[in-house]
Each structure stands twice: as C-alpha cells, then as structure tokens.
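Every number in this text was worked out from the coordinates using simple rules, so none of it is lab data. Small disclaimer: the values here were computed from a predicted structure and weren't measured. Glycine gets a Cβ as well: all are built from the backbone with ideal geometry, and neighbour counts include every protein chain shown.
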C-alpha cells in the first residue's frame with residue numbers, strides 16, 4: 001500500500017482515524033488512561049497492517065524489531081544509574 005493509493009486514502013486512513021478518535025468515546029469517563037492505551041494499540045495494529053499489506057513477512061521483521069526495542073527500553077528503565085546507557 002502506498003500513501004497516495006486510493007485504498008489508503010479512502011479506506012485505510014479514514015478507518016484508522018475513526019478508530020483512533022473513537023477510542024476516547026469508548027473509554028469510560030474516569031479512565032482517560034485507558035483511552036491512551038487503546039489509541040496506542042490502534043496505531044500499532046494499523047502500522048502492522050500498513051507494512052504487511054504488500055508483503056506479509058515484513059510484519060515478522062517489525063515484530064522482531066519491536067520486541068528487541070521494548071526489551072532494551074525495559075532494561076534501560078530498570079537501571080539505577082541513568083547515565084549507564
């Protein structure tokens with residue numbers, strides 16, 4: 001999928017925007033943090049769909065990169081000295 005394709009402009013992008021901004025309406029009034037998490041999930045899933053549209057095996061590459069990056073970020077967050085990395 002290309003950014004200038006009709007599928008992206010008239011199907012994918014509107015659907016993602018509706019889901020992204022609709023996440024605030026789906027979250028209970030007192031739990032705006034839940035809406036933030038839901039919006040993040042919508043963007044991550046949409047990104048995986050976008051990159052996997054042409055070649056589905058790209059998703060596995062991005063998933064591996066996501067797991068490695070998350071692990072590195074978690075390890076950096078656990079250090080006591082912030083200048084260690």
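Annotation: the residues 51, 56, sorted from fewest to most other C-beta atoms within 10 Å of their own C-beta, follow the order 56, 51.
When 59, 2 are arranged by Cβ crowding within 10 Å, least crowded first, meaning fewest neighbours, the order is 2, 59. If you run the Gaussian network model on the chain, springs between alpha carbon atoms under 10 Å, then out of 16, 41, 67 the most flexible one is 67. All Cα-Cα distances of the chain, cut into 5 Å bins from zero to the largest, leave 3, 13, 15, 15, 16, 16, 12, 7, 3, 1 percent in each bin in turn. A Förster distance of 30 Å, applied to the separation of the beta-carbon atoms of residue 34 and residue 11, puts the FRET efficiency at 0.65. Report the full-extension gain for the segment residue 57 to residue 43: residue separation times 0.36 nm, less the Cα-Cα distance, to one decimal in nm. Here the segment from residue 57 to residue 43 would lengthen by 3.1 nm. Full extension of the chain segment joining residue 66 with residue 21 gains 13.8 nm, where the gain is 0.36 nm per residue of separation less the Cα-Cα distance.
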